[in-house]
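Read-outs throughout are calculated quantities, based only on the coordinates presented, and are distinct from any laboratory measurement. In this text, all values refer to a predicted model and were calculated from it rather than measured experimentally. FYI the Cβ positions are ideal-geometry reconstructions off the backbone, even for glycines, and counts take in every protein chain you see.
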Amino acid sequence: MSNHDLILSTPAPARPWRERLGSAMPLLVLGPSLVASFVYVFVFTGWTLYISLSNSSLLPTYGFVGLDNYASLWANRRWNIAYTNLFLFSGFYIVGSMAVGLLLAILIDQRVRGEAVWRTIFLYPLAVSFIVTGTVWSWLYNPTDGIQAMVRGLGWTNFSFALASDRHYAIYAVIITGVWQASGFAMALFLAGLRSVDSDLVKAAQIDGASTFRIYRKVLLPTIAPIFLAVAVIQIQFAIKTFDLVAALTKGGPGISTTFPAIYVYDLMFQRGQIGEGAAAAIMMLAALAVVLVPYSFWVVWRRRKEAGHG
Amino acid sequence: MADVSLDQAQDHHAAAVAARRHFLTRFVIYGLLVIFAAIYLVPLLVVVLNSFRDQQEIARNGLISLPRSFRLEAWGQAWSTYCIGGTCEGMQRNFYNSLKMTIPATIISTAVGAMNGYILSKWRFRGSEALFTCMLLGVFIPGQISLMPWAFILGNLGLSNSTYGLIVIHVIQGISFTTLFCRNYYVSIPDDLIKAARIDGAGFWRIFGKIILPLSSPILIVTVIWQFTGIWNEYLFGVVFTSGQQQPITAALVALTASGTNVRAYDVMSAAVLIGALPPLLIYLFGGKYFVRGLTQGAIK
C-alpha cells in the first residue's frame, strides 16, 4: 500500500457532515488555485493564439485571417534580427553564466576562508532587478562617462570601449551584463549540488590517490549532471523572456541591433497598435520555450520513473 | 590501510613540496576570487559613490573615479523633488506603490502556495499529480502571452492603472512558483507523521497548523524571498498596465533615466537606482543564506 491514498483508506459508512466536509476540504482549498491556473495557462494562451490568427489591430477583433500575421512577422527584418539575437544571447548567456558559476562554485568549495562573504558578493546581483543592472551598466558602457572615459583618464588616450554604442557589438554588451547578473545564481546551485554529493564517494576517490582535478571531473561533476540541466533550463527561460535588461540597457538599439522578441511584442501591442501581429510574436516566444521545455519535462518524468523503479 | 614505512627524510621532503604546492593553489584560488569579487562589486561601488558626489564633479571626472566631493542632496532630490515626466515628486510615490503591490502579493501567493503544496503532497487524490503538472505549466508561460488577456480582464474589473490590478496579476502568476516550491519541500516530510496525527483524530487544518507549518520555515523563507524580489523587480506588467503616479518603482526608474536632458544627473539617478534596489537587497542580505539552503531543498529536485 503506498502512501498515496490517505483519503481512500478512511472507511466510508454514513459519515456525519463534518467529516464529509473534512474530506472535501483539500479540494475546496485547492479549487480556486486550480481554476485560476487553468485559466491562466490554457484560456490565456488560447486567447492569445486566437488573436494571433485574427485581424486585430488597435483592439482585439475576431475576424479570422489564418497565418497572415505570422507571414508578415517573418517577413519583417526587425523580427528576424530579434529572433537571431535571442539565439545568440541565449547561447552565450547560458554557457557564460554556467561556466563562471561553476568556476566560482569550485573555488568556494576549496574550503576557503570567509565562504559566506564570497557567496554574498557573487549572489547579490540576483536580488537586484534587471532594470537596475541594465541602467548601471549602460552608464559603464557609456563612452563619455564610463569605462572608456576612466581608462583614457589614466593616460591611454586611444583606448576605445564603446561596446553598447556599436551596432555590431551591442548584443555582446547585453550578454556580458546578463552573465554578470546570472552567474551567481548558477554558482549557488552548483555549490549546493557539490555539497550534496555523498562524501564517501569523494573519500573513496581520495584513498585511491585521485587528484582534486580528477575527483571533480570523474566523481563530482558527473554526479551533479542533473543540476547542469536544471540550471540551463532556468537560465534559458530568463533568456527567452529577456525584456527588462534590454529595455534598461540599450532600449533595443543602437538602431534595431539589440531588439529581442519580448521588446518586439511590447512594441507591436502597445506602441504601434498591431495586436494581431504582436500576439503572433508572443506565440513564437512560447514556441521557443516549448522547444526547450517539452523535451526537458519528458526527460524529468523519465528519470523519476526510473528512480521510482529502482527504489 | 596505507603503507606507513616511509623514512623520515623522504617524509620531510614530500611535506615541503606539498606545502609549496598547497600555498600556490591557495594563492590562485584567492587571487581568482578577489578578481571576480572586484568585477561584482565595482558597479555597486560606482553607484553608491556617485550618489554622494557632486554632479559637476562627475561630469568632469567621469563616473568611475574617486570622489572629490561629498553631498547628500541627491538622495533628497531622488526621493521627493526630482521631476519625472512633468511631476516633481521624486520616487517616493513609486516606492510606496511598489511596497503596496509587493507585500500583499507576496503574502497571498505564499500562503496559497503553502496550502496547495500541502494538499498536493499530503492529501493526494486521483489525478492530483496531473493537476499539479498543469499548474506547473504556469511557471513557463512568458508574460507576453498574458498581456492581452490581462488588459481585457483588468479593464473589465476596473483595475487598469492601479496597484490592485498588479497584485492580482502577481498573485495568479506567482501561485505556480509557490506551489512548486512548497510541494517539493513537503514531499520530504514523512507521511507517517501525518498518518499518526490522523489516527489521533487530527483533521486537515490541525495537521497543517500543528505539523506542517512548524516544519515549514525553510521553504517559506525561500518562497517569500523569491516572490518579494521577483515582484518588486518586475517591470513588464508595471510599465504596460500603469502609468505616471501609479507606476511601480522599476517603471519609474526607466522613465527617470530616459528623461535625460543635456546634462545627465548621474548623482540623482544613482540615488534613485539605490532606492529602487534597496528593499530586495536588504531582504537578500538578511535572508540570503536561508535562501540558498532552502532552494536546494525545495526548488531544484
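Points worth noting:
- Straight-line reach from A:LYS241: taking Cα to Cα under 14 Å and skipping same-chain neighbours fewer than 8 places apart, the aspartates and glutamates in range are B:GLU234.
- Cβ-based net charge around A:THR144, under 11 Å, with every Lys or Arg adding one and every Asp or Glu removing one: +1
- Computed from phi, the 3J(HN,Hα) profile of region B:71-88 under the Karplus parametrisation 6.51, -1.76, 1.60 (θ = phi - 60°) reads 8, 9, 4, 4, 5, x, 4, 4, 6, 9, 10, 5, 8, 10, x, x, 9, 10 Hz, with x in place of Gly and Pro.
- Any cysteine of chain B lacking a neighbouring Cys Cβ under 4.7 Å - listed by number: B:CYS134, B:CYS182
- Inter-chain Cβ neighbour average for residues A:45-51, partner chain, 10 Å: 3
- Hydrodynamic radius of chain A by the Kirkwood approach over all distinct alpha-carbon pairs: 23.6 Å.
- Between the amide H of A:SER54 and those of A:VAL65, distances stay under 5 Å, these residues lying 5 or more places away or on another chain, with hydrogens modeled in the peptide plane.
- Protection proxy ranking, peptides A:174-184, A:28-38, average beta carbon neighbours within 10 Å, highest first: A:174-184, A:28-38
- For region B:227-233, 3J(HN,Hα) per residue [Karplus equation, 6.51 cos²θ - 1.76 cosθ + 1.60, θ = phi - 60°, Hz, x = Gly/Pro]: 5, 4, 5, x, 6, 4, 8
- Residue-averaged beta-carbon neighbours from other chains (10 angstrom radius) around B:130-140: 5
- Simple spin-label estimate for A:ALA210 and B:GLN92 in nanometres, 7 Å along Cα-Cβ: 6.2
- All aspartates and glutamates inside 16 Å of B:LYS289 as judged from Cα atoms, apart from same-chain residues fewer than 8 positions distant: A:ASP109, A:GLU115
- In range of the label at B:LEU32: residues from region A:193-224 whose backbone nitrogen is under 13 Å from the point 7 Å along Cα→Cβ: A:212-214, A:216-217
- Paramagnetic reach from B:GLN245 (point 7 Å along Cα→Cβ, amide N under 19 Å) across region B:137-167: B:159-166
- Likely footprinting exposure, A:GLU307, B:GLU57, A:GLU277, fewest C-beta neighbours within 10 Å first: A:GLU307, B:GLU57, A:GLU277
- Residue mean of other protein chain beta carbons inside 10 Å, B:224-237: 3
- Rg over Rh for the protein assembly as shown works out to 1.00, using Cα positions for both radii and the Kirkwood form for Rh.
- Taking amide hydrogens as placed 1.01 Å from N in the peptide plane, the amide H of B:ILE84 sits under 5 Å from those of B:GLU89, B:GLY90, each at least 5 positions away in sequence or on another chain.
- Shape metrics for region A:183-266, restricted to C-alpha atoms - Rg then Dmax, Å: 19.6, 60
- Kyte-Doolittle mean at least -0.5, axial Cα span of 30 Å or more - DSSP H helices of chain A: A:77-108, A:170-196, A:275-310
- In this simple spin-label approximation, B:PHE152 and B:ASP192 carry label points 7 Å from Cα along the Cα→Cβ vector, and these lie 5.3 nm apart.
- Eligible lysines near A:LYS218 by straight Cα distance, threshold 26 Å, same-chain separation 8 or greater: A:LYS203, A:LYS306, B:LYS301
- For region A:103-183: rounded, prolate or oblate by the Cα gyration tensor [a/c cutoff 1.5]: prolate
- Segments B:266-272, A:269-275 sorted - mean Cβ within 10 Å per residue, highest first: B:266-272, A:269-275
- Global form of region B:218-284, assessed from the alpha-carbon gyration tensor, a/c cut-off 1.5: oblate
- Within region A:248-283: backbone nitrogen closer than 17 Å to the A:ARG77 label point (7 Å, Cα to C-beta): A:253-260
- Using 0.36 nm per residue and subtracting the Cα-Cα separation, the extra length available between A:ALA24 and A:VAL95 on full extension is 20.8 nm.
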